[in-house]
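Novice: Dropping a structure here in structure tokens format, bear with me for questions.
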Amino acid sequence: MFRKQMLLLVVGACGLAGCSKPVDSPVVDSPKVENSPATDKVSTARAKLEPADRALVEAQEWCVISTKQRLGSMGKPIKLDIKGQPVFVCCDGCKEEAEAAPDATLAKVAELKAKAKLEKK
């Protein structure tokens, strides 16, 4: 019984600590982005980036770990250097996982960029 309660407590704390993400989160069909308060929040957060980084974020569009989170939806996107490549995540909670699996992270970034490029056409 105690184990079950501890597990629920840990899971609940993780949910409150940051974004929720499945272990191997696949790239899902992303919703069309429209003008809304959420879009304004994303734009405001991205405006805090240098122009070169903002262009990289717009090319990636989604968090490499929590692929349902638009970069900027949880504040200023966090820039990582993975094997000399710039990678962005939505929050500190995704940073460690992205750095722990560099090859998978870079593969996911390439996939996200290709998907974002197709959506912008």
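Bear in mind these aren't lab numbers, they're just calculated from the coordinates by the rules spelled out. Everything numeric here is computed off the predicted structure, so don't read it as measured data. Every residue, glycine as well, gets a Cβ built from its backbone with ideal geometry; the counts of neighbours run over all protein chains shown.
Novice: Can you find, within the stretch 84-114, the residue that is surrounded by the most Cβ atoms within 10 Å (Cβ to Cβ) among those that are free of Cβ contacts under 8 Å to residues at least 40 places away in the same chain and of a type in the set (Asp, Glu)?
Specialist: The qualifying residue surrounded by the most Cβ atoms within 10 Å (Cβ to Cβ) is Glu99.
Novice: Right, Ile78: β-branched (Val, Ile, Thr) and touching a Cys at 6+ places or on another chain (Cβ under 9 Å) or not?
Specialist: Judged against the criteria, Ile78 is a match.
Novice: Looking at (1) touching a strand residue (DSSP E or B) at 6+ places or on another chain (Cβ under 7 Å); (2) surrounded by fewer than 17 Cβ atoms within 10 Å (Cβ to Cβ), which is the one condition that is false for Lys117?
Specialist: Going through the list (1) touching a strand residue (DSSP E or B) at 6+ places or on another chain (Cβ under 7 Å); (2) surrounded by fewer than 17 Cβ atoms within 10 Å (Cβ to Cβ), Lys117 breaks only (1).
Novice: When the residues of the stretch 79-121 are narrowed to those that are among the small types (Gly, Ala, Ser) and more than 16 Å from Ala59 (Cα to Cα), which ends up farthest from the chain's Cα centre (by Cα)? Let's see the steps before the verdict.
Specialist: First, the residues of the stretch 79-121 that are among the small types (Gly, Ala, Ser): 84, 93, 98, 100-101, 104, 107, 110, 114, 116.
Still in the running and more than 16 Å from Ala59 (Cα to Cα): 84, 93, 98, 100-101, 104.
Details: Gly84: 19, Gly93: 10, Ala98: 10, Ala100: 15, Ala101: 15, Ala104: 14 Å.
This residue is Gly84.
Novice: Going by the conditions given, is Asp81 surrounded by fewer than 15 Cβ atoms within 10 Å (Cβ to Cβ) and farther than 22 Å from Lys41 by Cβ?
Specialist: In short, yes.
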